[in-house]
Amino acid sequence: MRLAFILLLAIAILHAQKRPVTHEDIFQLKRTGEAAPSPDGKWIVFSVTEPDYDAAKTGNDLWIVPVDGGAPARRLTASKGAESGVAWSPDSTRIAFTAKREGDDAAQIYVLPVQGGEAQRVLTLATAAANPKWRPDGLGLLFESTVKGPGKNPGKSTARLYDNMPVRHWNAWLDDSRPHLYVWEFGWTSAIDLLAGGKLVDSPGFSGIRGGLSSDTSLQAAWSPDGREIVFAATVNKNEMMKAETETHLFRVGRQGGEPAQLTQPGHSYTRPRFAPDGKAMYALEDRTASARHPYSLTRLARIPWPAAGTPRVVTAAFDRSVSSFTISADSATIVADAEDEGFSKLFQLPANGGPPVKLFEVTEGGYSSPQYAGGKLIASYSSSTQPAEIARMESNGHTLLTNFNAAKLSALDMPKPEHFWFTAKNGKKIHSVLVPPPGLDKSKKYPLLVFPHGGPNAMSADAFSTRWNYHLLTSPGYALLMTNYTGSTGFGEKFADDIERDVLRGPAREILEAVDAAAAKYPYINTEKQCAIGASYGGYLMNWFNGHTRQFKCMVNHAGAVNNESQYGANDGGLSRELRMGAKVWESGKGQWMDQSPFRYAAEWKTPTLITQGELDYRVPAGESLMTFKLLQRQGIPARLMVFPDEGHWILKGENNRHHMTEVLGWLRQFIGN
């Protein structure tokens, strides 16, 4: 009994020593990049970013750790320039990567012996190199570089001229740059441009695959198993985006160049091709082209026989979830994929020829992404709201962390684990929500509630880590945080995600408000008299809708939220997809959802004080939307504050900007619901 008392006392003291998080705690945590396992399955190379509020002082180097966990991770590089795109040589002795080092005008390809030696630049390019891939025999490399076109401006004019959309993407104006593929062999002084002068690369609809926050594109190229060909993915009709949904297709081209041959047909898009180790098949992610009837579709996994090619066959047809990424076992018999599923990112296993996926194990905390085979072992990235991403080796019922760079810092922070719950909405749907308790929770007390619906809308609230809208930073003043996976959320089946397309705001908003009632009934410590709502992107769109349809919030925070369907359509970087969602052409007055579910139409009912924040370089939800929201609030004498970042886009990413942003957010909340 005495020992048990001592243990309980020690736990109580340890908990008492923990403190709520600060912005500095979250922003300065080390960030682990995606793992690159060696072909022999013994080693993993990955990047580690050490952030600093002064971007010039931020560090980014490569590290290596054994798959068996027999030794701690060690640093491989220590240079000023960040390394990216790590690729192992087939014999597991060297890695290739890209970096802009001293003397480089642009990022170049370097090769480094992993067991000792200096990295050597393999050639010098006028344009930046990216995504190196070793030829299967180890004698050459494949890589990408973006080639800028001649442009259309005479003399020194700074005008931008366009004949077709798109003209902007996320946070940048587009130019006539196009990605090219290059092959280089050791001993060569220059590389071969595989696409130069071809019909495909010069066609007006050609582009690489855009992703992340950048306007940069990638062709996601892969060597064929015999090293004689390259398969890549490319957009083929970007210039038609205002009359048709754009599609990406797979192409094959010989390693000496020539005109690429298209492997896939219209009606679907294909990305991220990968070959099975036995060389008998290629796999790629497949998305059905959006239509007025079904604007949303799951991302499925398709198999294409090789080298014969032919019609892709979906191997996840029985799986009502989207495949995020996948890996293939060394014997080519098994595929492991990660997918969102009911509030978690989980790992699923299925036969390589197709069949029902089976969960590797149940997940009750955090989530997994980017699975990869490392020999006979499976590795992945693991993260949760209390654990930034680290590299983990999968075990029979969970994982073993191979890296844990932030353990000491995290041990001092009070970061309660999120709780998951379900309720049945009035429309009959079962709705999942996540509740993050306040730090130092005393269930005999009452705590204000933050309602924080996710953006997207095709996304999922989960037990996940974020440096931008960190759950525990938001709750640090003593708030509870509620996140609801309303209709439109991913991870709950294709129909559930697609249903939002016919009811873009009204239905999801009702479900979120019903979730507040369900949470209050389940967690009596929630003070429903003190509620504020926060939303970004689609979540900000919801904030503007809430303002015209409910009085239950003491205040709101609206980041990059659309207010007028018509004006956002006219100025943003999108194409036909908004028209499909709204159910009519924008000029067809009274049809579809354009007017009925446009928040500014209900501005006469607005009453709630709102903090509006916006990146001026945001071309997804352009700054005019936030300006209009601010003007509508000001016109009616409703307390409002506008915060604009001239050097940020859709996300507030720079250290000092992000810190200032969250200081304003927390200050606004304290003003209306205290702490």
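The values are calculated or read from the model by the stated rules, or taken from the named source; none is laboratory data. Computed from a predicted model, the values in this text were never measured in an experiment. Cβ: placed from backbone, ideal geometry, glycine included. Neighbour counts: every protein chain shown. When the accessible area is computed, the model is the full protein with side chains, heavy atoms only, and any ligands, DNA or RNA have been set aside. Shrake-Rupley method; radii C 1.70, N 1.55, O 1.52, S 1.80 Å.
Charged neighbours of S324, selected by a Cβ distance under 12 Å, balance to +1 (K, R count +1; D, E count -1).
Overall, the chain carries a charge dipole of about 1180 debye about its Cα centre when +1 sits on the Cβ of Lys and Arg and -1 on the Cβ of Asp and Glu, all other atoms neutral.
What number, in percent, do you get for the relative contact order of the chain if the mean sequence gap of Cα pairs under 8 Å and at least 6 apart is divided by its residue count? It would help to have the intermediate numbers written out before the result.
Working: 1603 pairs, mean separation 64.2, N = 675.
So the answer I get is 10 percent.
If you take all C-alpha pairs in region 20-119, what percent of them are over 15 Å apart? Within region 20-119, distances greater than 15 Å cover 64 percent of Cα pairs. Dipole orientation for region 570-675: of the candidates P646, L633, T663, L633 has the Cα lying most toward the positive pole (charges on Cβ; Lys, Arg +1; Asp, Glu -1).
Set against the labelled values (i) 74.9; (ii) 31.7; (iii) 27.0, mean projected area of the Cα convex hull in nm² computed from this structure falls on (ii). With a 1.4 Å probe rolled over the protein heavy atoms of all chains, the accessible area of S324, S476 falls in the order S324, S476, largest first. Simple rule: put +1 on each Lys or Arg Cβ and -1 on each Asp or Glu Cβ in the chain, find the dipole, and look at P418, V586, P150; the Cα lying farthest toward the positive end is P418. Label separation (Y53 vs V586): 4.1 nm, computed from points 7 Å beyond Cα along the C-beta direction. Taken per residue, the accessible surface of region 509-575 reaches 28 Å², heavy atoms only and a 1.4 Å probe.
For L632, L298, the ranking by accessible surface with the largest value first comes to L632, L298, using a 1.4 Å probe. The packing ranking of peptides 199-210, 246-257, highest mean first, is 246-257, 199-210, where packing means the average number of other beta carbon atoms within 10 angstrom of each residue. From helices alone, the chain scores -4500 deg cm²/dmol at 222 nm; the rule is -39500 (n - 2.57) for each run of n ≥ 4 DSSP H residues, then divide by the residue total. Computed with every protein chain present, the accessible area of F344 is close to 20 Å² [probe 1.4 Å].
Under the convention that each Lys and Arg Cβ holds +1 and each Asp and Glu Cβ holds -1, the size of the dipole of region 31-73 around its Cα centre is about 60 debye. Here's the list of lysines a cross-link from K243 could span, going by alpha-carbon distance under 17 Å and ignoring same-chain residues fewer than 8 apart: K585.
With θ taken as phi - 60° and the Karplus curve 6.51 cos²θ - 1.76 cosθ + 1.60 applied, the whole-hertz 3J(HN,Hα) list for region 504-517 is 6, 9, 4, x, x, 4, 4, 4, 5, 5, 5, 5, 4, 5 Hz, x standing for glycine and proline. For W43, nonlocal amide neighbours, meaning residues 5 or more places apart or on other chains whose placed amide H falls under 5 Å from its own, are S38, V67.
The residue list P277, A536, M241 was ranked by how far each Cα lies along the charge dipole of the chain toward its positive end, using unit charges on Cβ atoms, and A536 comes out on top. Counting Lys and Arg as +1 and Asp and Glu as -1 over every other residue whose Cβ lies under 13 Å from the Cβ of A640, the net charge comes to +3.
Go ahead and run the numbers for FRET between I638 and S411, Cβ-Cβ distance against an R0 of 56 Å, rounding to 0.05. Provide the component values of the computation, followed by the final result.
On the way: r = 44 Å, r/R0 = 0.78.
My answer for the efficiency is 0.80.
Straight-line cross-link reach from K530 at under 19 Å between alpha-carbon atoms covers these lysines, not counting any fewer than eight positions away in the same chain: K443, K445, K446, K522, K554, K607. Each residue was assigned an accessible area with a 1.4 Å probe, and for R502 the value is about 120 Å². Counting only residues at least eight positions apart within a chain, or on another chain, the lysines with an alpha carbon under 26 Å from that of K80 are K30, K57, K100, K133, K409, K654.
Starting from the Cα-Cα distance between N404 and Y602, subtract it from 0.36 nm times their residue separation and give me the gain in nm to one decimal.
This chain segment gains 66.3 nm when fully extended.
Amide H contacts of M643 (H built 1.01 Å from N, in plane; Pro and chain starts excluded): I612, T613, Q614 sit under 5 Å, all sequence-distant by 5 or more or on other chains.
Apply 1/(1 + (r/R0)^6) to the Cβ-Cβ distance of N397 and E419, taking R0 = 25 Å, and write down the FRET efficiency to the nearest 0.05. If you can, show how the numbers build up before the last one.
On the way: r = 22 Å, r/R0 = 0.86.
Given R0 = 25 Å and the Cβ-Cβ separation, E is 0.70.
Compute, for region 224-335, the length of the dipole vector about the Cα centre, with Cβ point charges of +1 (Lys, Arg) and -1 (Asp, Glu) only. Units Debye, rounded to 20. Please list the in-between numbers first.
On the way: 14 positive and 11 negative charges, 21 e Å.
The dipole magnitude comes to about 100 debye.
Where the alpha-carbon atoms of region 397-455 are placed on the principal axes, they occupy 45, 34, 25 Å, in descending order. Pairs of Cα atoms nearer than 8 Å and 6+ residues apart set the relative contact order; for region 311-468 it is 17 percent.
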